[in-house]
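> Before anything else, here's the structure in question.
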Amino acid sequence: MQTPAPIGIFDSGYGGLTVFREIRAKLPQYDYIYLGDNARAPYGPRDFDTIYHYTLECVRHLFDMGCQFVILACNTASAKALRTIQQQDLPTLAPDRRVLGVIRPTTEIVGKYTKTNHVGVLATRGTVVSRSYVIEIEKFFPAIKVFQQACPMWVPLVENNEHEGAGADYFVKKYLDELLAQSADIDTVVLGCTHYPLLEKKIRQYLPANVQLLSQGAIVANSLTDYLRRHPEIEAVCSKGGGVAYFTTESAEDFNLKAAIFLGHTVQSRHLAL
Ligand code: DGL
């Protein structure tokens, strides 16, 4: 039996903190290691191979730190690297360890929300090009039509703390208009990027009142709770001390400052050399 260890939470940078915040609120008893690959973020515009290699390298670091269970709290990494890691790497690298992503939990429940069966997905270019949301939603709800919109300016707005400024209004409205122009019947919109919850107030402002907005944090936290209940062998290797260690591949000082935007409180992170 493996030694119990923290749950690993991986993101290209800060966005995964919006998911981690909800996971920790729901499951405070576990230990966590958060790793942000800030030195190589954003992942959104990068090609499949690059995202896969970066993500695998970071998952290996989390494994080296002892993690038996890792969540890719990044849609782009979940879209472009998760399947290959699960099917190709884990069987030889670490057959007893698990790596899960954030796309499936959202696609599993989206059918509960839409009445028109027209669902919008807002995401990075990488996630949109992968068509992961379209493919996954089709598996669970074949009647749903998915309309995707890439929002390449939204991550930089959040990363530069401009998500509440006037510049954000322009780009929020622009991408929502482009999404809604694809179908007048969209009644449910998924925030398919972990950065976007920080823009939620402005997104709401420019979305028609009848359109529901699905943010992933709580959905992933509920799904993880359910997963750990259904998999006692994985739950048993998650250590329970309520602690968190933050690691970044870039400057720890910068991470500490910016993480506060996402978490609402400061953190003490450490640098991880790649
Ligand atoms: N965290 C990424 C996601 O959820 C967005 C940031 C990036 O492009 O690296 O898609």
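> Taking the Cα centre of region 46-89 as the origin, how large is its charge dipole in debye, to the nearest 20, when only Lys and Arg (+1) and Asp and Glu (-1) carry charge on their Cβ atoms?
Approximately 140 debye in magnitude.
> Given Cβ point charges of +1 (Lys, Arg) and -1 (Asp, Glu) and nothing else, what value in debye, to the nearest 20, does the dipole of the chain about its Cα centre take?
I would put it at about 500 debye.
> Considering all projection directions equally, how large on average is the shadow of the alpha-carbon convex hull of region 2-108, in square nanometres?
6.7 nm²
> What spacing in nm lies between the two simple spin-label points modelled at H53 and H231, each 7 Å away from Cα in the Cβ direction?
Reported label-point gap for H53 and H231 is 2.8 nm.
> Another one. What is the log10 of I(q)/I(0) for the chain, computed with the Debye formula using one identical point scatterer on each Cα and no solvent, at q = 0.08, 0.10, 0.14 Å⁻¹?
-0.30, -0.48, -0.96
> With viscosity set to 1.002 mPa s at 20 °C, what whole-number translational diffusion coefficient in µm²/s follows for region 126-177 from Stokes-Einstein and a Kirkwood radius over Cα pairs? Don't skip to the end; give the middle numbers.
Details: Rh = 12.7 Å.
D = 169 µm²/s.
> Normalise the Cα radius of gyration of region 10-54 by 2.2 N^0.38 Å (N = residues in it) and let me know the number.
Compactness ratio reported: 1.34.
> What is the packing order of peptides 29-35, 8-14, 164-170, 100-106, taking the mean over residues of other C-beta atoms within 10 Å and listing the highest first?
Ranking the peptides 29-35, 8-14, 164-170, 100-106 by packing returns 8-14, 100-106, 29-35, 164-170.
> Please list the equivalent ellipsoid semi-axes of region 164-274, computed as the square roots of five times the alpha-carbon gyration tensor eigenvalues, in descending order and whole angstrom.
Semi-axis lengths for region 164-274 are 33, 23, 11 Å.
> Run the reach check for K174 against lysines, Cα to Cα strictly under 17 Å, same-chain hits fewer than 8 apart removed. What comes back?
K201, K202
> Can you pick out the pairs among K112/K240; K145/K173; K115/K258; K115/K139; K26/K145 whose Cα atoms lie more than 29 Å from each other?
K112/K240; K115/K258; K26/K145
Throughout, read-outs are computed from the coordinates displayed, never taken from laboratory work. Since the model is a prediction, treat every value here as computed from it, not as a measurement. A quick note on method: Cβ atoms are made from the backbone with ideal geometry, for glycine too, and the neighbour counts reach across all protein chains shown.
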